[in-house]
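Comments concern the structure below.
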Amino acid sequence: MVGRSGSVTTAKANAKKIILVDDHPVLRKGLVRLIDAKDEFVVCGEASSAADAMELIRELKPDLVIVDIGLPGTSGIELTKTIRSEFPKLPVLILSMHEEALYATRALRAGAMGYVVKQDAIDNIASALREALSGKQYLSPVIASQLHYNDGPEAQTALTEDPVSLLTDREFEIFELIGKGHEVREISEALGVSPKTVETHRTNIKEKLKLKNARQVARLAVQWLGQRAV
């Protein structure tokens, strides 16, 4: 689904144009109202998938894109890489339900200018937009404290001691889906890749995490997600 708000853009001609990419309509509409309430910003377009987002970006030429990390199919991390590749000067803010540094580190590594935890969005989205539009990175306070963001630039790329941090972004995405109980064919359909590709990634995950078989991969994935749901 793609939405456009041309009439609002016309009414706020000098406002910075924002495209919002999120597959949850209720949350998306709430953020639109929140952002549009500020005279300096206007949501010029909405998308619920990576393909729709790229179409809108090319058409509307926004000043910034907000991307949900958990998009179906192509993830928010992969979409960020695509945006940065085609539009290297276009800032991207990642919006996420995850309050963990591991996710933020991956977002920054993909080229995002910031990481906003959804629980903080009401209070912090305007500040995050201003920082990113001025060329500065923004992290929600809960993430900044974990990364010791104020200790120096090297801390921005610090990895956690979690062995899962060894996985590539695609491997990590598949690891999460395995932990959520999805089978190989379901994962291949969701990500738009062949079952053989998923199995290859699963083998790489097994080797990186020093596991013996696919069953142990699934068990660890379930445990890993369960610990973060507590």
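The values are calculated or read from the model by the stated rules, or taken from the named source; none is laboratory data. Since the model is a prediction, treat every value here as computed from it, not as a measurement. For neighbour counting, all protein chains shown are included, and Cβ atoms are generated from backbone atoms with ideal geometry for every residue, glycine included. For the accessible areas, the whole protein counts, side chains as well, though only heavy atoms, and no ligand, DNA or RNA atoms are used. Shrake-Rupley method; radii C 1.70, N 1.55, O 1.52, S 1.80 Å.
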* To do: Could you please let me know if LYS29 is under 21 Å from LEU167 (Cα atoms) and not in a loop (DSSP other than H, G, I, E, B)?
  => no
* To do: Please work out which one of (1) open to solvent by less than 40 Å² (accessible area, probe 1.4 Å); (2) modelled with pLDDT under 90; (3) in contact with a Ser or Thr (Cβ under 8 Å, 6 or more places away or on another chain) is the condition GLY152 fails and give its number.
  => (3)
* Which one is nearest to ILE122 (Cα to Cα), of the residues in the range 41-64 that are touching a helix residue (DSSP H, G or I) at 6+ places or on another chain (Cβ under 8 Å) and at pLDDT below 95? -> SER48
* Structure fact -> For the range 79-128 the number of residues that are over 10 Å from the mean Cα position of the chain (by Cα), free of Cβ contacts under 8 Å to residues at least 40 places away in the same chain, surrounded by fewer than 16 Cβ atoms within 10 Å (Cβ to Cβ) and not in a helix (DSSP H, G or I) is 2
* Asked: Quick one: what pairs do we get from the range 1-24, first residue closer than 19 Å to SER48 by Cβ and crowded, with 16+ Cβ neighbours inside 10 Å, second at pLDDT below 75 and not basic (Lys, Arg), C-beta under 8 Å, 6+ apart or different chains?
  -> LYS17/THR9
* Of the residues GLU86, GLU100, GLU46, which single one is touching a strand residue (DSSP E or B) at 6+ places or on another chain (Cβ under 7 Å) and acidic (Asp, Glu)? -> GLU46
* Output for the range 33-70, where each listed residue is open to solvent by less than 20 Å² (accessible area, probe 1.4 Å) and in a helix (DSSP H, G or I) -> ILE35, ALA50, ALA53, MET54, LEU56, ILE57
* Structure fact -> Of the listed residues (GLU207, GLU131), the one being acidic (Asp, Glu), modelled with pLDDT of 90 or more, open to solvent by 20 Å² or more (accessible area, probe 1.4 Å) and more than 22 Å from MET97 (Cα to Cα) is GLU207
* Name every residue in the range 32-57 that is free of Cβ contacts under 8 Å to residues at least 24 places away in the same chain and either among the small types (Gly, Ala, Ser) or on the phi > 0 side of the Ramachandran plot (or both), in order of residue number. => ALA37, ALA51
* **Residue that is modelled with the highest pLDDT, among those in the range 182-195 that are surrounded by fewer than 15 Cβ atoms within 10 Å (Cβ to Cβ) and closer than 14 Å to ARG170 by Cβ** => SER194
